[in-house]
Ligand SMILES: [Zn+2]
């Protein structure tokens, strides 16, 4: 029989190599001094590893974890306040866009409509974190509000689009 591979020796040492293969490997070790020596070394390694214990946590472990949690909560609530403050700004931006759209003369070009869509896309970027922060109720409210504004916008802009030259 060939000498045992490292995998076989490790399996014998940690007891995962069983059955006929484990039996054959053990028999080989009894007749082969080289493999037996390696098996002893692996066995010693396995015993050392299993004797290792997790280092004890530092004495102030709980206190430092709680302090970290407190800092995180403070940061989260500050972020929430920032988002709350940004909500009126976002609403004002919607009003500004709606006002701009309503004041647009019928002769406006499609380019300006495209500009408006770009602005709305940016506005969505601003509102997405707000939705995330407010969760469902306020987020849905803002969404409905935005939908109403968009409906108003489309009603205002559709005739312009239809009347645009070359369409
Ligand atoms: Zn051998």
Q.
For 127, 150, 17, 49, which order do you get if you count the other beta carbons within 10 Å of each Cβ and list the fewest first?
A. 49, 150, 17, 127
**Q.** Enclosed volume per residue, in Å³, of the convex hull spanned by Cα atoms of the stretch 6-51
**A.** 56
Q) If you line up the Cα atoms of the stretch 32-80 on their principal axes, what length do they span on each, largest first, in Å? A) 70, 24, 8
(Q) Which of 54, 36, 115 has the fewest other C-beta atoms within 10 Å, and how do the rest follow up to the most? (A) 54, 115, 36
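Here, each number is a calculation from the coordinates, and none is a lab measurement. Since the structure is predicted, the reported quantities are computational estimates derived from the model, not experimental observations. All Cβ positions, glycine included, derive from the backbone under ideal geometry; neighbour counts span all protein chains shown.
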